[in-house]
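So the structure is just underneath, and the comments pick up after that.
The values are calculated or read from the model by the stated rules, or taken from the named source; none is laboratory data. In this text the structure is predicted, and so the values were computed from the model without any measurement. Virtual Cβ from ideal backbone geometry, glycine too; neighbours counted across all protein chains shown. The accessibility values were calculated without ligands, DNA or RNA, using every heavy atom of the protein model including side chains. Shrake-Rupley method; radii C 1.70, N 1.55, O 1.52, S 1.80 Å.
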Amino acid sequence: MILKGNQRTGAADLATHLSNEYDNTRVEIAQLRGVVADDLHGALAEFAGIARATRCKQPLYSLAINPAEPLSREQYMAAIDHIEDKLGLSGQPRAVVFHVKNGREHCHVVWSRIDVANMRAVPMSHDHMKLRTCARELAHAYGLPLPSGLAEDRGDARFEKTRDVTFAEKAMAEASGITPEQRRSTVTAIYRSSDSAETFRVGLERAGYVLAQGERRAYVVVDRAGHVHALARQIDGARTKDVKARLASMPAETLPTVEAAQAEQAARQRAVDERLREKARQRGAKSAADLAAKQAARRRRVIDERSQKLALTHASERMALHAAQKAEDGRLFNVVAGALFGLLERVPGLRSVVGHLRRNPTLNPAERHRLENEALDRRHGREKKGIERREAALDMIEARERRSLIRDLVRETRVDDQLRMAQTEQREREVRETAQDITADSTDEQSRTAADSRRARMQERLAQARQNPMGPQRGGPGWE
């Protein structure tokens with residue numbers, strides 16, 4: 001069982017993330033405790049609203065529970081109660097959401113850290129250590145296997161350089177389409193295969209990076225999305241002084257500044273992104289249509305049907321109140337009271353005397369009816385505002401799902417373009433090797449056999465290319 005928790009802010013963004021049905025096969029809001037709202041956006045908005053009366057900057061605590069094997073809902077709820085007791089969040093308002101992703105179910109829990117009785121935030125010191133302990137206890141109680149990092153206590157070794165990907169790194173990876181591991185692997189391969197500083201710089205440019213001079217560090221790389229990364233940290237096993245010595249022939253002062261490199265990447269990426277988006281739109285027309293149909297069905301279920309039911313309920317309540325008031329108007333006391341107040345109202349000298357009696361809803365049925373109508377209008381207005389708020393939340397969810405779809409399509413298109421570029425480079429390399437073998441004056445039988453084999457493979461690939469031409473055009477991702 002893996003437990004990942006953190007303090008955070010951004011209630012609306014978190015609610016939108018947890019409600020995203022594109023990235024998850026199924027989304028189920030299982031529990032909303034300690035709130036008035038009946039939806040996730042409203043519940044987390046209440047958490048944030050209460051926190052505004054305090055100085056707490058991170059009023060939410062978000063936890064992800066990912067068991068190694070499926071659990072029942074009773075086991076999940078028992079585990080959540082056990083975890084919140086260990087964290088000191090017992091009795092705090094919370095929201096429980098279940099996701100099914102890639103065929104596996106996992107759970108998200110969001111607590112409000114604000115203790116309403118004292119209007120202070122619950123301290124969350126050593127929460128990661130407490131979660132490690134809870135993971136071991138729950139795995140033992142439910143008979144679940146533990147990850148290698150939790151199965152044995154590594155002591156101080158767990159504080160070594162290897163660490164989890166932060167939310168900032170995850171956001172940068174989604175923006176650039178490249179994970180931190182892929183970025184480090186690419187830069188490390190280019191660094192090790194280059195024989196000079198210039199070939200290293202050219203290799204980075206062909207891979208989509210710009211080598212620039214940093215403010216505090218001598219060398220940095222700027223990726224497609226304009227994010228800045230320290231060069232030495234992107235090369236496995238390399239230290240800063242080793243990198244400086246390797247690139248001594250290219251002083252940092254001769255490289256573009258970070259701002260210039262970001263502007264260059266932005267201009268280059270606009271053209272690339274537009275081309276990739278156009279390809280993604282052509283490829284993902286069916287996916288976009290399916291997503292739009294799914295969103296329309298959800299909107300009909302969540303908004304349209306509820307709005308129609310609410311309109312019918314409001315109309316019936318208004319008619320029932322009007323009928324009750326009409327029936328009450330026909331009673332003898334109300335008829336006499338209405339006539340008497342109307343008569344006294346015509347006498348200017350008596351208006352101030354009977355004014356407080358006229359405003360008394362117990363004595364004046366007209367005043368009582370007016371207050372009843374205003375109360376009904378206020379309640380109907382609140383319920384309509386609730387529908388409008390749900391509609392605004394649904395707009396945010398749909399926008400997030402569309403961005404997720406475009407992200408995946410662009411990423412797939414970029415991978416395809418990079419694969420075609422790699423295949424083209426491989427073919428060009430084989431052409432050069434074949435040409436060298438043909439022109440070389442060698443009597444080695446093994447060399448001639450290898451040359452013949454490469455020549456045969458090259459002729460076969462050229463024949464296939466003539467039948468089905470492919471490969472990136474100039475200006476594609478390989479030229480970034």
Inset, instruction - Would you tell me the accessible area of Met396, worked out with a 1.4 angstrom probe on the heavy atoms of the protein chains, in Å² to the nearest 10? - result: 80
Inset, instruction - May I ask you to list the trypsin sites (Lys or Arg not before Pro) in the stretch 45-102 that are in a DSSP loop and have at most 10 other Cβ atoms within 10 Å of their Cβ? - result: Arg52, Arg55, Lys57
Inset, instruction - Give the distance, in whole Å, between the Cα centre of the stretch 125-142 and the Cα centre of the stretch 387-424. - result: 35
Legend entry - Lysine-lysine proximity count for the stretch 1-159, Cα under 19 Å, sequence distance 8 or more or distinct chains: 4
Inset, instruction - For Leu340 paired with Asn66, estimate the spin-label separation in nm (one decimal), with each label point 7 Å from Cα along the Cα-to-Cβ line. - result: 7.6
Legend entry - Kirkwood Rh in Å, taken over the stretch 358-423 so that all alpha-carbon pairs contribute: 16.8
